[in-house]
Amino acid sequence: MIADTGPNRSARGIPPGVWVLGFVSMLMDISSEMIHALLPIYLVTVLGASMVTVGVIEGIAEATASITKIFSGALSDWLGKRKWLAATGYGLAAITKPVFPLAPTIGWLVAARFVDRVGKGIRGAPRDALIADIAPADLRGASFGLRQSLDTVGAFVGPLLAIALMWWTADNFKTVFWFAVLPAFLALALIVFAVREPERPPTLRVVRNPISLAEIGNLGAAYWWVVAVASVFTLARFSEAFLILRAQNVGLPIALTPAVLVAMNVVYALAAYPAGVISDRVSRTAVLAGGILLLVAADVVLALLPSVGGVALGVVLWGLHMGLTQGLLAALVADTAPVELRGTAYGFFNLLGGVAMLAASVIAGALWDSAGPQATFLAGAGFAALALAGLLLVQGRIGKPSRPAA
């Protein structure tokens with residue numbers, strides 16, 4: 001009889017709490033993306049906002065989320081509790097959702113976006129640390145891959161629902177925003193009532209000040225190598241908005257440009273869980289290296305094949321690279337960071353990743369304006385190759401999943 005060692009066995013072994021957290025992420029992403037897919041258009045066409053206003057709102061929102069992550073992760077280590085911090089973050093996001101259809105002015109929307117992003121910042125690091133606490137070490141890659149897959153399902157279902165509801169309601173923005181309220185509160189209910197946080201081991205070291213220099217040093221060299229490689233890699237994977245711009249640049253009709261992100265996220269969702277399963281059985285760094293090579297290929301295709309077909313191929317490769325890298329990087333943080341500092345570890349990881357993403361998008365935009373889209377994507381390929389070289393240099397230090405203490 002042949003033993004069942006494939007993805008199905010891994011799926012059965014993943015604890016229920018990880019599944020629930022995956023569905024929590026999916027439902028909140030559906031809600032958020034239903035709103036965010038329409039919000040820039042709503043601000044400009046209904047409330048009369050300028051493009052500068054839209055940019056300021058989004059900049060404040062994302063900066064707030066990045067800054068909040070480090071403090072929420074450290075707080076979860078100091079308290080020794082993760083679930084209720086994560087639930088607080090999801091709760092803040094949920095209570096902002098009714099503000100969007102009710103807001104009479106742009107100021108109300110700015111406040112709602114701000115609180116929503118505070119919620120995202122609060123929940124991110126404790127949720128990832130909670131998954132690392134719940135998941136068995138030998139299924140850590142599969143667990144993070146599963147959550148990433150379900151989260152990404154929400155990233156493409158949300159905009160598709162928004163498109164369908166806009167058609168059904170004859171472009172009634174506020175009605176669509178009201179529909180987005182339901183999945184947000186379902187996500188909150190799930191994490192509150194269906195997730196059980198494991199007891200903190202009594203032998204685990206108590207952390208008094210997680211963001212002190214001493215504790216930052218205790219995160220260890222292997223963890224900081226992961227962060228360094230991930231940060232350089234993030235410089236290569238600038239905002240997916242540039243995929244949309246490239247599609248428009250080669251002649252795709254404006255009405256069809258949202259299909260770029262839908263296609264990318266479908267591929268991403270399909271790839272993330274199998275990639276996590278494979279990383280548990282072979283090597284995280286081997287799968288991650290494959291993902292980085294896929295990004296190099298995507299950038300080269302997007303730079304050198306200026307056609308709708310070329311963009312379609314580049315978008316598929318981009319989605320594959322996301323599936324093979326994002327969940328694995330989260331798993332590598334869990335592999336290398338001390339258990340008592342996992343929240344802090346995810347906080348720094350997310351903060352530095354957010355800074356790198358901002359820098360990447362600024363560099364990409366500047367190159368696009370000064371030298372054209374080819375320069376943007378070829379520069380991305382160069383940064384990806386640099387990240388791959390760094391990964392190969394340090395793979396012996398970060399490539400082996402940690403095992404439970406004896």
Fill in: Sole residue being touching a Phe, Trp or Tyr at 6+ places or on another chain (Cβ under 9 Å), at pLDDT 90 or above and under 16 Å from R237 (Cα atoms), chosen from L302, L324
L302
Discussion item. Looking at G17, G59, G107 in this structure, which one is more than 16 Å from the chain's Cα centre (by Cα), modelled with pLDDT of 70 or more and surrounded by fewer than 21 Cβ atoms within 10 Å (Cβ to Cβ)?
Written reply: G107
Worksheet item: So which residues in region 132-141 are open to solvent by 20 Å² or more (accessible area, probe 1.4 Å) and assigned to a helix (DSSP H, G or I)?
Response: D133, I134, D138
Discussion item. Given (1) open to solvent by less than 30 Å² (accessible area, probe 1.4 Å); (2) under 30 Å from A132 (Cβ atoms), identify the lone condition not met by F177.
Written reply: (2)
Worksheet item: So which residues in region 187-218 are buried (at least 18 other Cβ atoms within 10 Å of the Cβ) and modelled with pLDDT of 90 or more, if there are any at all?
Response: A187, L188, L190, I191, V195
Worksheet entry | Whichever residue in region 227-251 is more than 19 Å from the chain's Cα centre (by Cα) and open to solvent by 40 Å² or more (accessible area, probe 1.4 Å) and, among such residues, is farthest from I216 (Cα to Cα) | G251
Discussion item. Can you list residue pairs whose Cβ atoms sit under 6 Å apart, with the first residue in region 371-397 being in contact (Cβ under 8 Å) with a residue 40 or more places away in the chain and the second being acidic (D, E) and in a helix (DSSP H, G or I)? Count only pairs 6 or more apart in sequence or on different chains.
Written reply: F377/D299; G380/D299; A381/D299
Discussion item. On the basis of being modelled with pLDDT of 65 or more, open to solvent by less than 10 Å² (accessible area, probe 1.4 Å) and within 30 Å of A137 (Cα to Cα), does S25 make the cut?
Written reply: yes
Worksheet item: Would you call A389 over 19 Å from the mean Cα position of the chain (by Cα) and more than 30 Å from A74 (Cα to Cα)?
Response: yes
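Looking at the structure I just gave you, is F144 under 21 Å from K69 (Cβ atoms), open to solvent by 10 Å² or more (accessible area, probe 1.4 Å) and aromatic (F, W, Y)?
In short, no.
Is it the case that some residue within region 116-131 is free of Cβ contacts under 8 Å to residues at least 24 places away in the same chain and assigned to a helix (DSSP H, G or I)?
Within region 116-131, not a single residue is free of Cβ contacts under 8 Å to residues at least 24 places away in the same chain and assigned to a helix (DSSP H, G or I).
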Worksheet item: Does region 366-377 hold any residues that are within 21 Å of G310 (Cβ to Cβ) and either over 24 Å from the mean Cα position of the chain (by Cα) or at pLDDT below 90 (or both), and which are they?
Response: L367, W368, A371, G372, P373, Q374, A375, T376
Item to complete: Name every residue in region 298-356 that is within 24 Å of A125 (Cβ to Cβ) and hydroxyl-bearing (S, T, Y), in order of residue number.
Response: T325, T336, T344, Y346
Practice prompt. Enumerate the pairs (first residue in region 73-87 and more than 19 Å from L219 (Cα to Cα); second residue anywhere and in a loop (DSSP other than H, G, I, E, B)) with beta-carbon separation below 7 Å, excluding pairs fewer than 6 apart on the same chain, so at least 6 apart or on different chains.
Written response: K83/V195; K83/E197
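The values are calculated or read from the model by the stated rules, or taken from the named source; none is laboratory data. Keep in mind the model is a prediction, meaning the values are calculated, not measured. So basically every Cβ, Gly included, is an ideal-geometry build from the backbone, and we count neighbours across all protein chains shown. Accessible surface areas use protein heavy atoms only, side chains included; no ligands, DNA or RNA. Shrake-Rupley method; radii C 1.70, N 1.55, O 1.52, S 1.80 Å.
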